[in-house]
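Each reported figure results from applying straightforward, stated rules to the coordinates on display, with no laboratory input. These numbers were taken from a predicted model, which means no experiment stands behind them. Quick reminder, even Gly has a Cβ in these numbers, built from the backbone with ideal geometry, and neighbours come from all protein chains shown.
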Amino acid sequence: MLLRALVVVVCLLGSVSVRAEEAFAACLEALQGQARAAGVATQIVDDVVPTLQQQARVLELDGKQPEFVQTFAQYFNARVSESRIEQGRALYAQHREFLAQLQREYGVPGHYLVAFWGLETNFGSYLGRMPTLDSLATLACDTRRADFFGTEFIAALQLLEREGLSPVDMQGSWAGAVGHTQFMPSNYLRYAVDGDGDGRINLWRSERDALASGARFLRDLGWVPALRWGREVRLPAEFRYELALSGEALPLAEWARLGVMRSDGAALPTAELQASLLVPAGASGPAFLVYDNFDVIMRWNRSESYALSVGHLADRIAGAGPLQQAPPANQQPLARADVLALQQGLNALGFDAGAEDGLFGSGTRAALSHFQRSVGVVADGYPSAEIQQRLQEAARGSLQDSAGAAGDS
């Protein structure tokens, strides 16, 4: 009986595997048609696309991006390490003349370019080993973001044709980003430039091509010359953290009126600038005022933790010291199940956390802040272990009260 059950399970699994292979093959045929319609050479379409393999590891990694499972301290400290700062300063000095040339041409200071380089590939020490076309085909044939990755897949084929590459040459991240600065293929086609003057653009092998392309990309994203990304600041004791959660930009003069100072206690600059406040680790961690160029960094990578890491690493490369308030090391990462329980508890209590999707976004943070205020604690919107426990106890009490009321009726 047990053997028969095992045979049935194996057959079912085999059937699922066959259907998945058939679905991927059908998707590749559809991608071939799209590539032909986009003008990719028939020989490349016919020779390359049918050989591609679905990558199970890519689908696995797609659900485990670091910014969703690490605390700010874990993310930030791993990316702005002392060794990376030292190497960044050395490379900044090594490329100083070329970086100055790029700043004159594109308006982006060199220490920012080196910081992006450091975060993306640790200054070229790890460019990624996933086959780019396989990765993009896998993601294009997955339902979550099929349109986006389908477009990138076609761009990768166009890049293959334009630069005379072979599929073996094209390796990168699991998500299809390539080269020293990890450009997606569409950005490679649109923004990459020949920085070393050899008549070709190769973001895998040429550091100068990569740095120049990064400078052009940032300029075209809206980089404001002579404006920094932001700064660490010190908040007054009775600060209203709702101002940080709203994302509202206020003039520096208004932040100063609210008691916000530079991290060393000096007054904020008097420049007529708008700035938003971020407290990525809650009231116990560092606080930052960020300017328009922070938004530009966010257009490169939509992770707030990434953008803060780039900004601070750039400062350190340029000679600045460490943060005055280090990110707290004792905070625990949130699993998706933890966030889901948080959202369910908030919604049950009438604090609108929005969709219960297990992702800790701005809606959940704002709802948590409202709950914190209702129970008389600092309303910083940070999901500490203590506030999670308090929330769950309140939610259980609310359910019990509802059940009791129903029984009395």
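Things to note:
- Our summary gives the chain a relative contact order of 15 percent, counting only alpha carbon pairs under 8 angstrom and 6 or more residues apart.
- Mean separation of Cα contacts under 8 Å, 6 or more apart, over the residue count of segment 230-317: relative contact order %: 30 percent
- Distance (nanometres) between label positions extended 7 Å along Cα→Cβ at SER166 and SER362: 4.8 nm
- Sorted on the mean count of surrounding Cβ atoms within 10 Å across their residues, most packed first, peptides 332-341, 307-316 read 307-316, 332-341.
- Within the listed set LEU133, LEU165, LEU31, the Gaussian network model of the chain (springs between alpha-carbon atoms below 10 Å) gives the highest mean-square fluctuation for LEU165.
- For the chain, modelled as a GNM whose springs connect Cα atoms under 10 angstrom apart, the maximal fluctuation among ALA35, ALA155, ALA348 occurs at ALA348.
- Check: the chain dipole with +1 on Lys, Arg Cβ and -1 on Asp, Glu Cβ, in debye: 560 debye
- Residue-count net charge about SER246 - beta-carbon cut-off 12 Å; Lys, Arg +1, Asp, Glu -1: 0
- Among 90-97, 363-370, sorting by the average number of other beta carbon atoms lying within 10 angstrom of each residue, highest first, gives 363-370, 90-97.
- Neighbourhood charge, 9 Å Cβ-Cβ cut-off, centred on VAL58 and excluding it, Lys, Arg +1 and Asp, Glu -1: -3
- Couplings for segment 381-394, taken from phi via the Karplus curve 6.51 cos²θ - 1.76 cosθ + 1.60 with θ = phi - 60°, read x, 8, x, 5, 4, 5, 6, 4, 5, 5, 5, 5, 5, 5 Hz in order; Gly and Pro are left as x.
- Long-range HN-HN contacts of ALA287 with modeled amide H, under 5 Å: VAL233
- Computed [θ] at 222 nm, deg cm²/dmol, the chain (DSSP H ≥ 4; -39,500 (n - 2.57); rounded to nearest 500): -17500 deg cm²/dmol
- Full-extension gain in nm, ALA355 to ASP147, via 0.36 nm per residue minus C-alpha separation: 72.6 nm
- Per-residue extension of 0.36 nm, minus the Cα-Cα distance of ARG336 and ASN77, leaves a gain of 91.0 nm for this segment.
- Listed peptides 240-246, 105-111 appear in the order 105-111, 240-246 once ranked by packing, highest mean of other Cβ atoms within 10 Å at the front.
- Overall form of segment 141-239 per C-alpha gyration tensor (a/c, 1.5; a/b vs b/c): oblate
- Along its first, second and third principal axes, ordered by size, segment 230-317 spans 33, 27, 24 Å in Cα coordinates.
- In order along segment 297-313, the Karplus-derived 3J(HN,Hα) couplings, from 6.51 cos²θ - 1.76 cosθ + 1.60 at θ = phi - 60°, round to 4, 5, 6, 6, 8, 7, 9, 4, 5, 4, 5, 5, 5, 4, x, 6, 4 Hz, and Gly and Pro are given as x.
- Here the 3J(HN,Hα) profile of segment 89-97, calculated from phi with Karplus coefficients 6.51, -1.76 and 1.60 at θ = phi - 60°, is 5, 5, 6, 4, 5, 4, 9, 3, 5 Hz, Gly and Pro shown as x.
- Across the alpha-carbon set of the chain, the Rg to Rh ratio works out to 1.03, Rh being the Kirkwood radius.
- Full extension of the chain between GLU393 and GLN344 gives 16.4 nm of extra length, using 0.36 nm per residue less the Cα-Cα distance.
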